[in-house]
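Enquirer: The structure that follows is given in the form of structure tokens.
The values are calculated or read from the model by the stated rules, or taken from the named source; none is laboratory data. As the structure is a prediction and not an experimental result, all values here were calculated from the model. Virtual Cβ from ideal backbone geometry, glycine too; neighbours counted across all protein chains shown. Areas reflect the complete protein model, heavy atoms only, side chains present, ligands, DNA and RNA absent. Shrake-Rupley method; radii C 1.70, N 1.55, O 1.52, S 1.80 Å.
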Amino acid sequence: ITLGEGRYRELIKEFSDTRGPKNSFIDSLLYCRKFASALQALREFLFSPEDDPWIAHEYGRAYLGLHQYADAVRAFEYQLSVEPIPIAYHMLARAYYRLGQRDDVTRVLEDGLAAHSDHRILQLDYAAHLIRLGHVERDGEAEFLLCSLPQTGQVLQQLVKLLCAQDRADEAVGLLNDRAWRIHPERYKMPIQVEISIAKGQFKNALAELR
């Protein structure tokens, strides 16, 4: 038991009738990607997804991290039915994507944007989904969404994918070199460079960047 977990256990024991410390403990396990431990804690505390929307969310995140995607879908679907907040749409779409159910991803994201039209994460999710679908007639919609979002590494990665798919690799290079784009976290820079190198037929460069 780590020092942090030990302190949580003390708080949970001291405030045994209060849910807050238990939820905080589970959230910390999920943040640390200790998905099996989080699921074990949820069951230890006799929590059920139907108890509360956030408990359903915690179950969903644990199942998603453990690659139990059908269970994750059920948990997030319940959360969404009770509390249709943006994060519920976002996570449910992720779970359906992992199951390979693209039509359900489309449905969930379109419902999410209908309810939260200005939510940036859902806009990015939807643009990335359109790019993955590869429907040329929807490229303009995806590009419009991406260009309306803050200039971050996540957005640039999707925009570069779109430009490279359209044989516009030179434009992608220009964006990569544009200091207006804040490539943060830094980990986005390498896959962006690889995407551009592949699109330009520079396969040796792509391999070198991957090493």
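Enquirer: Would you mind finding the one in LEU109, LEU122 that is touching a Gly at 6+ places or on another chain (Cβ under 7 Å), under 21 Å from LEU159 (Cβ atoms) and modelled with pLDDT of 95 or more? Give the derivation first.
Expert: Working: LEU109 fails: touching a Gly at 6+ places or on another chain (Cβ under 7 Å).
Of the residues listed, the single one that is touching a Gly at 6+ places or on another chain (Cβ under 7 Å), under 21 Å from LEU159 (Cβ atoms) and modelled with pLDDT of 95 or more is LEU122.
Enquirer: Ok, one more. Among the residues of the stretch 108-135, count how many are assigned to a helix (DSSP H, G or I), open to solvent by 40 Å² or more (accessible area, probe 1.4 Å) and farther than 19 Å from PRO150 by Cβ. Steps first, answer last, please.
Expert: Keep residues of the stretch 108-135 that are assigned to a helix (DSSP H, G or I), which gives 108-115, 120-133.
Going one step further and asking which of them are open to solvent by 40 Å² or more (accessible area, probe 1.4 Å), we end up with 110-111, 114-115, 120-121, 132.
Among the residues that remain, those that are also farther than 19 Å from PRO150 by Cβ are: 110-111, 114-115, 132.
Of the residues in the stretch 108-135, 5 are assigned to a helix (DSSP H, G or I), open to solvent by 40 Å² or more (accessible area, probe 1.4 Å) and farther than 19 Å from PRO150 by Cβ.
Enquirer: Something else: Within the stretch 168-199, track down each residue that is open to solvent by 70 Å² or more (accessible area, probe 1.4 Å) and in a helix (DSSP H, G or I).
Expert: Of the stretch 168-199, the ones open to solvent by 70 Å² or more (accessible area, probe 1.4 Å) are 170-171, 177, 179, 182, 184, 186-187, 189-190, 198.
Within the stretch 168-199, ASP170, GLU171, ASN177, GLU186, ARG187, LYS189, MET190, ILE198 meet the criteria.
Enquirer: Note down all Cβ pairs under 9 Å where the first residue falls in the stretch 192-208 and is acidic (Asp, Glu), the second is open to solvent by 60 Å² or more (accessible area, probe 1.4 Å), and they're at least six residues apart or on different chains.
Expert: Pairs that qualify, where the first residue is acidic (Asp, Glu) and the partner is open to solvent by 60 Å² or more (accessible area, probe 1.4 Å), are GLU195/LYS161.
Enquirer: Condition check: modelled with pLDDT of 95 or more, closer than 23 Å to LEU113 by Cβ and either in a helix (DSSP H, G or I) or open to solvent by less than 70 Å² (accessible area, probe 1.4 Å) (or both). Does LEU156 satisfy that? Explain how you work it out, then say what you get.
Expert: Numbers: modelled with pLDDT of 95 or more: no; closer than 23 Å to LEU113 by Cβ: yes; either in a helix (DSSP H, G or I) or open to solvent by less than 70 Å² (accessible area, probe 1.4 Å) (or both): yes.
Judged against the criteria, LEU156 is not a match.
Enquirer: Would you point out which residue out of ALA56, ALA70, ALA62, ALA38 is in contact with a helix residue (DSSP H, G or I) (Cβ under 8 Å, 6 or more places away or on another chain), closer than 14 Å to ARG94 by Cβ, in contact (Cβ under 8 Å) with a residue 24 or more places away in the chain and open to solvent by less than 30 Å² (accessible area, probe 1.4 Å)?
Expert: ALA62
Enquirer: Please verify whether the stretch 51-61 includes one or more residues that are part of a helix (DSSP H, G or I) and closer than 30 Å to HIS135 by Cβ. Spell out the reasoning first.
Expert: Filtering the stretch 51-61 for residues part of a helix (DSSP H, G or I) gives 51, 53-61.
Checking the rest, the ones that are also closer than 30 Å to HIS135 by Cβ come to 60.
The answer is yes, given that some residue of the stretch 51-61 is part of a helix (DSSP H, G or I) and closer than 30 Å to HIS135 by Cβ.
Enquirer: Looking only at the stretch 58-84, count every residue that is touching a Pro at 6+ places or on another chain (Cβ under 8 Å) and of a type in the set (Val, Ile, Thr) and tell me the total.
Expert: The number of residues fulfilling the criteria is 1.
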